[in-house]
Amino acid sequence: MLLNKRNKYKGISDEKLVHRYKTKPSMQIIGEFYKRYGHLVFGASMKFMKNKFDAEDITMSVFEALPEKIVKHDIRNFKPWLYQVTKNQCLMILRKTGRLTTEVSKHLQSEDQLQNKIVKENQLNILEEEIRTLNEEQKSCIELFYLEQKSYQEISNILKLDIKKVKSSIQNGKRNLKIKLEGRNEFK
């Protein structure tokens, strides 16, 4: 019977589980999050604490506090959010114990820079996907103007279009992209 209940969450996304927990709290959902991410929380804790026992304690405290935190916060991407919760817990303990070193601080800065690069790369990939969904004229004008940095006149000559049509296609393409991207979590 227990196996059946654990498997019922198998194909459900993290975000849907968060929503489900907010509407009907269940320790089985917290257990599912532990099953999915317990090892990652432990690994992140080890990276900061450099001590197995401290990392185990932090892992348990993160998952003990999870029910309250899920209800309190608006979580769009669970895994990065959980990592941030873990990181904050580690930093709080390192500060309290006076073990926050410049080495850890530098590591955090480089990690934040890497995370920002990953987010930007993800956004660029999504933007490229969405550009491909525009009509051919808008797609060509947007790519030539923004990606190849061609002028209106150059685009007009390449595509054999009137300059007003080029400007209109770029403006309409930008508006259509904005509409398509507004609903995406990656751009909030």
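For the range 117-188, just say rounded, prolate or oblate: build the C-alpha gyration tensor, square-root its eigenvalues into a ≥ b ≥ c, call rounded for a/c under 1.5, and beyond that prolate if a/b exceeds b/c, oblate if not. Here the range 117-188 falls in the prolate category. Projecting the Cα atoms of H19, N122, Q153 onto the charge dipole of the chain (Cβ charges, centred on the Cα centre) puts H19 farthest toward the positive pole.
Do any of K50/K79; K24/K79; K120/K178; K120/K150; K10/K180; K10/K50 go past 28 Å between their Cα atoms, and which? Over 28 Å Cα-Cα: K10/K180; K10/K50. Residue separation of H39 and T97 scaled by 0.36 nm, minus their Cα-Cα distance, works out to 18.4 nm of gained length.
Helical runs assigned H by DSSP (4 residues or longer) give the chain a calculated mean residue ellipticity at 222 nm of -26000 deg cm²/dmol, each run adding -39500 (n - 2.57) before division by the residue total. Each of F53, F48, F63 has some number of other Cβ atoms within 10 Å of its Cβ, and from fewest to most they run F53, F63, F48.
For Cα Rg over 2.2 N^0.38 Å, the value calculated from this model appears in [x] 1.45; [y] 1.34; [z] 0.93 under label [x].
Each reported figure results from applying straightforward, stated rules to the coordinates on display, with no laboratory input. Treat the numbers as computed from the prediction; the structure is a model and nothing was measured. All Cβ positions, even for glycine, are placed from backbone atoms using ideal geometry, and neighbour counts span all protein chains on display.
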